[in-house]
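**Student:** Encoded as structure tokens, here's the structure I'll be asking about.
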Amino acid sequence: VHDDVAYAYVPRALKTLALWRGLHMLPPHVEFVLHMDDDTALCDEMVFDESWFNDARVSEVAFPIFTRRGGSLLSECVGLAFKLNAHGGVVHNATAGTSLWAAGIAGLVRRDVITQVLRDHVFLPFGEDSFHGLMQLMEGKRIVRDA
């Protein structure tokens, strides 16, 4: 993908372990971590706007996700659920000032926040998406959604 990207093979199918290992491979000056599923494709025009983090309360930026059109009935249904979640998240952000969680499929998070969440998570290796959102909210942080 890019020469600056360091890939590490984690022989155990466990996303949380891969995130933990990846966090500890990063150089100390890295402030933000993009976490995403390995089957997630980003468009060429994708922009990661770090200005969201000018607000010290913002701990994570969540991105809406969609499935490709023309797949099976199941993938079309999943795609509809993703769209409803994305639109509902925007409305929730507008009324509550935060999202409840950031999907593990794609998010940009402060490194210190994701490190603390993974260290303190009580249900690992399961439920890191919703629980890491809850842990951030309990700390008074905000999760925003970028459209």
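**Student:** Tell me, what ³J(HN,Hα) does each residue in the stretch 4-17 have, in order and in whole Hz, if you take phi through Karplus 6.51 cos²θ - 1.76 cosθ + 1.60 with θ = phi - 60° and put x for Gly and Pro?
**Tutor:** Computed from phi, the couplings for the stretch 4-17 are 7, 8, 9, 9, 10, 8, 10, x, 9, 6, 8, 4, 5, 5 Hz.
**Student:** I need the calculated FRET efficiency for the pair Leu34 and Glu76, taking r as the beta carbon distance and R₀ as 25 Å, to the nearest 0.05. Each step should come with its number before you reach the end.
**Tutor:** Working: r = 27 Å, r/R0 = 1.09.
Here the calculated transfer efficiency is 0.35.
**Student:** I would also like to ask the following. Please list the non-local residues whose amide H lies under 5 Å from the amide H of Phe32, H modeled 1.01 Å from N, same-chain partners needing a gap of 5 or more.
**Tutor:** Arg111
**Student:** Here's a follow-up. If packing is taken as the average number of other Cβ atoms within 10 Å across a peptide's residues, how do 21-34, 108-121 rank, most packed first? If you can, show how the numbers build up before the last one.
**Tutor:** Working: 21-34: 11.7, 108-121: 17.3.
Order by mean packing, descending: 108-121, 21-34.
**Student:** A follow-up question, please. So if each residue of separation counts as 0.36 nm, and I subtract the Cα-Cα distance between Lys83 and Asp112, what length gain in nm does that give? Each step should come with its number before you reach the end.
**Tutor:** On the way: separation 29, 0.36 × 29 = 10.44 nm, distance 2.99 nm.
Extra length from Lys83 to Asp112 when fully extended: 7.5 nm.
**Student:** Quick one: which residues, 5+ away or cross-chain, put their amide H under 5 Å from the amide H of Arg145? H built at 1.01 Å from N.
**Tutor:** Here the answer is Ala62, since their amide H atoms fall under 5 Å of that of Arg145.
**Student:** Could you list, bin by bin from short to long, the percent of Cα-Cα pairs of the stretch 1-65 in 5 Å steps?
**Tutor:** Per 5 Å bin, starting at 0, the Cα pair percentages come out as 3, 11, 22, 24, 23, 13, 3, 1.
**Student:** If packing is taken as the average count of other Cβ atoms within 10 Å, what order do 56-63, 7-14, 75-82 fall into, highest mean first? The partial results should precede the final answer.
**Tutor:** On the way: 56-63: 21.0, 7-14: 8.8, 75-82: 13.4.
Ranked by mean Cβ neighbours within 10 Å, highest first: 56-63, 75-82, 7-14.
Any read-out appearing in this document is the output of simple, stated calculations on the displayed coordinates, not a laboratory observation. Keep in mind that this is a model prediction, so the values were computed, not measured. When we count neighbours, we look across all protein chains shown, and the Cβ atoms used for this are built from the backbone with ideal geometry, even at glycine.
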